[in-house]
1. Within segment 74-94, is there a residue that is more than 30 Å from ALA194 (Cα to Cα), in contact (Cβ under 8 Å) with a residue 60 or more places away in the chain and exposed (fewer than 15 other Cβ atoms within 10 Å of the Cβ)?
2. Give me the residue from segment 15-47 that is in contact with a Pro (Cβ under 9 Å, 6 or more places away or on another chain) and among the hydrophobic types (A, V, I, L, M, F, W, C) and, out of that set, surrounded by the fewest Cβ atoms within 10 Å (Cβ to Cβ).
3. Working only within segment 129-163, note down all residues that are out of contact with any strand residue (DSSP E or B) (no Cβ under 9 Å at 6 or more places or on another chain) and touching a residue at least 24 places away in the same chain (Cβ under 8 Å).
4. In segment 108-127, how many residues are closer than 19 Å to TRP44 by Cα and in contact with a Lys or Arg (Cβ under 6 Å, 6 or more places away or on another chain)?
5. If I filter segment 100-142 down to residues being in a helix (DSSP H, G or I), modelled with pLDDT of 95 or more and of a type in the set (A, V, I, L, M, F, W, C), which single residue comes out as surrounded by the fewest Cβ atoms within 10 Å (Cβ to Cβ)?
6. Looking at PRO57, is it at pLDDT 90 or above and over 22 Å from ASP208 (Cα atoms)?
7. Go through (1) more than 20 Å from VAL210 (Cα to Cα); (2) under 19 Å from the mean Cα position of the chain (by Cα) and name the single condition GLU26 misses.
8. With the requirement that a residue be assigned to a loop (DSSP other than H, G, I, E, B) and touching an Asp or Glu at 6+ places or on another chain (Cβ under 9 Å), what does segment 202-217 give you?
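The values are calculated or read from the model by the stated rules, or taken from the named source; none is laboratory data. Quick caveat: nothing in here was measured; it's all calculated off a predicted structure. Every residue, glycine as well, gets a Cβ built from its backbone with ideal geometry; the counts of neighbours run over all protein chains shown.
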Amino acid sequence: MHCQPGYKHEVYIWLKNNQTCLICDEATESTDCVCNVCETELPWLLEQCEVCALPLPTSGLICGQCLKNPPAFKHVVAPWSFSFPVDTLISRFKHQSRWPLGHLLARLLGHHLQHRFDNAELERPDCLLPVPLARKRLRERGFNQALMLSRWLSAQLAIPHDDHLLLRPHETVAQQALDAKTRKRNLLAAFALAPDAQVQGRHLALVDDVLTTGATAHSLARLLMDAGARQVDVYCLARTPKPGA
């Protein structure tokens, strides 16, 4: 017995249609929905601190802040500096719920990470951990952009992700308007581990959209390292330059 109705016309296949670049709206054959010109002209981060990815005049250096106060994380991986058009794409993803833009950037970040894994420049982590969002901010925005990035990267790179290991039980003032010292004070006791968190001996990677001062990443990495993590890295879309640079 055939329950499905007969249909003799050609089925619509999305993959056969021309794709459009999400940045310039021109046609592209790329499945990542970005044309070669736009991808090349993104603000790729080349010369940077080997620890925190702060943009520097020369490659192969460690910035003064990381030398003076080494962070709890080992590496920050950020393909781009936080400038046009990446800053606009991230803002539209976060504040206008333009998820395809976030997915586009996540796929490009995934390609960047896979290239570094393949060349033995980075060790693959055991698990991806999205930076948790404060409850108030989550209610306002409706989603956690770090969690979405983590899930997309997990599927692309075949690395497990854990959305519940890190908790943010206390509300804090929004970080954007604070200086570096105030950010650190603001984050004291802001984060916690889930009661059943499996951390001991594991290599973990935090996932977020933008790294500014690194205060949030350092606080989370310190929490994980104190709980017995073997190594903590940070994967994000973009790194802001030093204020005034």
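1. No, segment 74-94 contains no residue that is more than 30 Å from ALA194 (Cα to Cα), in contact (Cβ under 8 Å) with a residue 60 or more places away in the chain and exposed (fewer than 15 other Cβ atoms within 10 Å of the Cβ).
2. Taking segment 15-47 as the starting set, the residues that turn out to be in contact with a Pro (Cβ under 9 Å, 6 or more places away or on another chain) are 22-23, 33, 38, 41-47.
Still in the list and also among the hydrophobic types (A, V, I, L, M, F, W, C): 22-23, 33, 38, 42, 44-46.
Values: LEU22: 20, ILE23: 21, CYS33: 17, CYS38: 17, LEU42: 20, TRP44: 12, LEU45: 22, LEU46: 9.
Among those that are in contact with a Pro (Cβ under 9 Å, 6 or more places away or on another chain) and among the hydrophobic types (A, V, I, L, M, F, W, C), it is LEU46.
3. Result: LEU133, ALA134, ARG135, LYS136, ARG137, ARG141, GLY142, PHE143, TRP152, GLN156.
4. The total comes to 2.
5. It comes out as PHE117.
6. Working: at pLDDT 90 or above: yes; over 22 Å from ASP208 (Cα atoms): yes.
Spelling it out, PRO57 is indeed at pLDDT 90 or above and over 22 Å from ASP208 (Cα atoms).
7. In the conditions (1) more than 20 Å from VAL210 (Cα to Cα); (2) under 19 Å from the mean Cα position of the chain (by Cα), GLU26 misses (2) alone.
8. To start, the set of residues in segment 202-217 that are assigned to a loop (DSSP other than H, G, I, E, B) comprises 202, 212-214.
Residues satisfying the conditions are ARG202, THR213.
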